[in-house]
1. From the list 64, 133, pick out the single residue that is within 30 Å of residue 33 (Cα to Cα) and outside any loop (DSSP other than H, G, I, E, B).
2. Yes or no: residue 42 under 15 Å from residue 3 (Cα atoms) and touching a residue at least 24 places away in the same chain (Cβ under 8 Å)?
3. Within the range 64-87, identify whether any single residue is at pLDDT 85 or above and touching a helix residue (DSSP H, G or I) at 6+ places or on another chain (Cβ under 9 Å), and answer yes or no.
4. Take the conditions surrounded by 10 or more Cβ atoms within 10 Å (Cβ to Cβ), in contact with a strand residue (DSSP E or B) (Cβ under 6 Å, 6 or more places away or on another chain) and not assigned by TED's automatic domain parsing to the domain that holds residue 21 and apply them to residue 97. Does it pass?
5. Show the residue pairs that are 6+ apart or on different chains and have beta-carbon atoms under 9 Å apart, the first residue being within the range 128-143 and in contact (Cβ under 8 Å) with a residue 12 or more places away in the chain, the second being in a loop (DSSP other than H, G, I, E, B).
6. From (1) at pLDDT below 90; (2) under 30 Å from residue 9 (Cα atoms), pick out the condition that doesn't hold for residue 98.
């Protein structure tokens, strides 16, 4: 914190002109600046400014947490548009199409019973998830 005192402006006559009763507090990590000159006392102004600064920092932290939660939810939920379908079960052609992988698995009955066709699809999904995690890790590395 950087705490500065200065002369207040406005009404108050000679007292305001001769005392450093206004307070400016700067929170260096965030760059938030708060000023207070509402009281005649420097101590009261400092206390008020500290409370305002605390409230602003808390509000900023809350907004950051809220936005990160919102983005995480959005990636999990998606837009629920028709284009976001995951899988199509085509009974006539005896085929399951996974739209995330662009993979077609034949033998629908075996797939629904949890057989080899389902294992093939799940293995491919795990491999893709692993590749995405590696790509995200590489992107997060500093240049």
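The values are calculated or read from the model by the stated rules, or taken from the named source; none is laboratory data. A quick note: this is a predicted structure, and the numbers were derived from the prediction, not measured. Methodologically, a virtual Cβ is constructed for each residue, glycine included, from the backbone with ideal geometry; neighbour enumeration extends over all protein chains shown.
1. Matching residue, one of 64, 133: 64.
2. Criteria met by residue 42.
3. yes
4. Judged against the criteria, residue 97 is a match.
5. Close Cβ pairs satisfying both conditions: 128/100; 128/101.
6. Just one mismatch for residue 98, condition (2).
Yes/no per residue for (1) in contact with a strand residue (DSSP E or B) (Cβ under 7 Å, 6 or more places away or on another chain); (2) part of a loop (DSSP other than H, G, I, E, B); (3) closer than 30 Å to residue 33 by Cα:
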| position | (1), (2), (3) |
| --- | --- |
| 55 | no, no, yes |
| 68 | no, no, yes |
| 76 | no, no, no |
| 105 | yes, no, no |
| 125 | no, no, no |
